[in-house]
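Each remark here refers to the structure printed beneath this line.
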Amino acid sequence: KYPNVPAYALPKKNFTDTTANELTKAIVEWLTLNGGWATRVSSAGRYIASKGMFIPSTTKRGTADIHSVIGGRHVSIEVKIGRDKMSEAQKKVQHDVEKAGGLYFVARTFDEFINFYNTVCNK
């Protein structure tokens with residue numbers, strides 16, 4: 001919004017891992033700030049109110065919430081909070097990603113994610 005403001009003068013963001021949405025934001029931001037690449041993937045589709053119809057997503061069913069590159073490797077990250085469990089479609093995607101040589105991680109807290117990241121990066 002203000003391209004002439006130096007980075008050191010930008011306000012710091014506060015993150016939490018109490019909701020899936022907040023944990024997803026925190027992981028994507030953290031990876032971006034620490035030399036990785038990450039994007040949030042929405043597979044929900046969308047509702048068009050003016051036409052009164054729902055358009056399904058073209059994203060593969062069961063795809064992880066975050067697609068990232070850490071240390072040159074593809075990493076899919078599924079975010080689950082509380083008692084939320086992976087669906088069969090998500091388990092199949094996990095199997096397919098790992099079979100193709102990528103990594104797959106289920107993040108329940110930010111601390112768990114950091115431990116996983118440190119393991120992947122051998123820290």
If every alpha-carbon in the chain counts as one equal scatterer, what log10 I(q)/I(0) does Debye give at q = 0.18 1/Å? -1.02
List the residues whose amide H sits under 5 Å from the amide H of LEU103, counting only those 5 or more places along or on another chain, with H placed 1.01 Å from N in the peptide plane. HIS74, VAL75, SER76
For region 5-94 the mean separation of alpha carbon contacts under 8 Å (6+ apart) over residue count, i.e. relative contact order in percent, is 23 percent
Heavy-atom accessible surface of region 22-123: percent carbon and sulfur, 1.4 Å: 52 percent
Kindly report the accessible area of region 1-120 per residue (heavy atoms of protein chains, probe 1.4 Å, no ligands, DNA or RNA), in Å². 69 Å²
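The values are calculated or read from the model by the stated rules, or taken from the named source; none is laboratory data. The structure displayed is predicted, hence computed values, not measured ones. We work out accessible area using only protein heavy atoms, side chains counted, and drop any ligands, DNA or RNA first. Shrake-Rupley method; radii C 1.70, N 1.55, O 1.52, S 1.80 Å.
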